Amino acid sequence: MAESCLAAVFVGAERPLEVQEFPVPDVGPDNILVQMSMAAVCGTDAHNWYNPNAPHPIIWGHENIGVVAALGANIRTDILGETLREGDRVLFHSAPCGHCYNCLMSLRCTNAIHYGNSHVDPSSGTMLRGGFGQYLLLEPNPAIMRVPDDMSTERALMSVIGNHTTMSGLRKLNAPDPGDTVVIQGSGPIGMGAMVQAKARGAARAIMIGAPSHRLALARELGADETIDLADHPTPESRIERVRELTGGGPDLVVEASGARTSVHEGFQMVRYGGKYLVIGLILPTSVEMDPSRIAAKDLTVAGVVGSKVENIIRSMRLMRTRIDVPVEKMITHQYPLAQVNEALQSHVDLSAMVPVVNHALS
């Protein structure tokens, strides 16, 4: 094993990520060292690139797949009881601590490190806690899942891009019901994941609102029954009217996956009486136009979700292997070597890529 490795470090807002050299850390008895294969660029990374309050220095990359490079002496299996060996492909997540209030109430753990998102003290031993590094050290007792041999690396990675988070939200709302009509606001990775997961839950009809046109073409390939292009319907009023034309009384479920300022206001007008509304895209502080009286007047059920618990990653990977029959791996449209990590980020910002990934096998 190499004594040192490279990683791309976020060093401050609107500054290029810097590729730096780090020592490969020793592996304790309860740690696992992962040699990274692919790390996706997420919208969170793109937002933080312009956020003066984003923590730094930090190694980003929180949607990851890699190979076990070294196992701690006490680790024999993954969290599903599968034998784990060096060379196995793995997905991973921070394990819940099990004793904080959120854990005790079956909520998302407040103490767990979020690989690629949580700030790491440079004096803590290693900064290699994100997928934009060639190696990543997992904390003791990680939530790690061996990837089945019959799954491609790209398809397995899609289990933790959009799909697990949207699954979490749909399960929270217990929606859609079989036969429902769903409208998805936003044609990015979260919107695509919401559409795929809604179809897996039995939605009979999915309508995607978004842009640019190449994303909508992919949405149709992945199961969208109709698409509404922002270029053709540039105003909230025109989008609301088009949804009404397509659905009559309105969709049973609307999923906000765009982060657009007008999205909630639009969605409350689109959804039918007694329908459900899920907010996933608006996770950063912002002021939006909305009429909250619609929630009561239309007898709506409204929920929000951020991130996901480990159980949804497990379920997402199982669905990708056994139930999802559309080519979700086509969402990975651009692959870059680590040296071009800033180009990868830019491709997400300018929407030229659906899901860009840092592929550590490329040079």
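The values are calculated or read from the model by the stated rules, or taken from the named source; none is laboratory data. Keep in mind the model is a prediction, meaning the values are calculated, not measured. Backbone-built Cβ (ideal geometry, glycine too); neighbour counts: all protein chains shown. To get the accessible areas, we keep the full protein, side chains included, count just its heavy atoms, and leave off ligands, DNA and RNA. Shrake-Rupley method; radii C 1.70, N 1.55, O 1.52, S 1.80 Å.
From the list 52, 57, which residue is free of Cβ contacts under 8 Å to residues at least 60 places away in the same chain and in contact with a Gly (Cβ under 9 Å, 6 or more places away or on another chain)?
On the way: 57 fails: free of Cβ contacts under 8 Å to residues at least 60 places away in the same chain.
Testing whether each residue is free of Cβ contacts under 8 Å to residues at least 60 places away in the same chain and in contact with a Gly (Cβ under 9 Å, 6 or more places away or on another chain) leaves just 52.
So is residue 145 closer than 24 Å to residue 70 by Cβ and either of a type outside the set (S, T, N, Q) or assigned to a loop (DSSP other than H, G, I, E, B) (or both) or not?
Numbers: closer than 24 Å to residue 70 by Cβ: yes; either of a type outside the set (S, T, N, Q) or assigned to a loop (DSSP other than H, G, I, E, B) (or both): yes.
Here the answer is yes, as residue 145 does meet what is asked.
All but one of (1) under 16 Å from residue 9 (Cα atoms); (2) touching a helix residue (DSSP H, G or I) at 6+ places or on another chain (Cβ under 6 Å) hold for residue 55; which doesn't?
(2)
What do you reckon, is residue 73 closer than 25 Å to residue 172 by Cα, in contact (Cβ under 8 Å) with a residue 12 or more places away in the chain and either more than 19 Å from the chain's Cα centre (by Cα) or surrounded by fewer than 21 Cβ atoms within 10 Å (Cβ to Cβ) (or both)? Don't jump to the end; show me each part of the working.
On the way: closer than 25 Å to residue 172 by Cα: no; in contact (Cβ under 8 Å) with a residue 12 or more places away in the chain: yes; either more than 19 Å from the chain's Cα centre (by Cα) or surrounded by fewer than 21 Cβ atoms within 10 Å (Cβ to Cβ) (or both): yes.
So residue 73 does not fit the description; no.
I'd like to verify a number: residues in segment 3-21 that are open to solvent by 30 Å² or more (accessible area, probe 1.4 Å) and either in contact (Cβ under 8 Å) with a residue 60 or more places away in the chain or touching a Phe, Trp or Tyr at 6+ places or on another chain (Cβ under 8 Å) (or both), how many?
Initial filter on segment 3-21 (open to solvent by 30 Å² or more (accessible area, probe 1.4 Å)): 3-4, 6, 13-16, 18-21.
Now drop any that are not either in contact (Cβ under 8 Å) with a residue 60 or more places away in the chain or touching a Phe, Trp or Tyr at 6+ places or on another chain (Cβ under 8 Å) (or both), which leaves 4, 6, 13-14, 16, 19.
Total meeting the criteria: 6.
So that you can scan it fast, the table gives a plain yes or no per residue for (1) open to solvent by 60 Å² or more (accessible area, probe 1.4 Å); (2) in a loop (DSSP other than H, G, I, E, B); (3) in contact (Cβ under 8 Å) with a residue 60 or more places away in the chain; (4) more than 29 Å from residue 95 (Cβ to Cβ):
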{"residue": "282", "(1), (2), (3), (4)": "no, yes, no, no"}
{"residue": "295", "(1), (2), (3), (4)": "no, no, no, yes"}
{"residue": "307", "(1), (2), (3), (4)": "no, yes, yes, no"}
{"residue": "311", "(1), (2), (3), (4)": "yes, no, no, no"}
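Among the residues of segment 180-195, are any over 25 Å from residue 265 (Cβ atoms) and open to solvent by 10 Å² or more (accessible area, probe 1.4 Å)?
Taking segment 180-195 as the starting set, the residues that turn out to be over 25 Å from residue 265 (Cβ atoms) are none.
Within segment 180-195 (the criterion being over 25 Å from residue 265 (Cβ atoms) and open to solvent by 10 Å² or more (accessible area, probe 1.4 Å)), the answer is no, since none of the residues qualifies.
Tell me, which strands (runs of 3 or more DSSP E) wholly within segment 1-97 include 1 or more residues that are on the phi > 0 side of the Ramachandran plot and of a type outside the set (Phe, Trp, Tyr)?
Numbers: elements: 4-9, 18-23, 32-40, 64-71, 89-93.
Once the strands (runs of 3 or more DSSP E) in segment 1-97 are filtered for at least 1 residues that are on the phi > 0 side of the Ramachandran plot and of a type outside the set (Phe, Trp, Tyr), nothing remains.
Among the listed residues 109, 100, identify the single one that is surrounded by 12 or more Cβ atoms within 10 Å (Cβ to Cβ) and under 21 Å from the mean Cα position of the chain (by Cα).
Values: 100 fails: under 21 Å from the mean Cα position of the chain (by Cα).
Within the list 109, 100, the selection yields 109.
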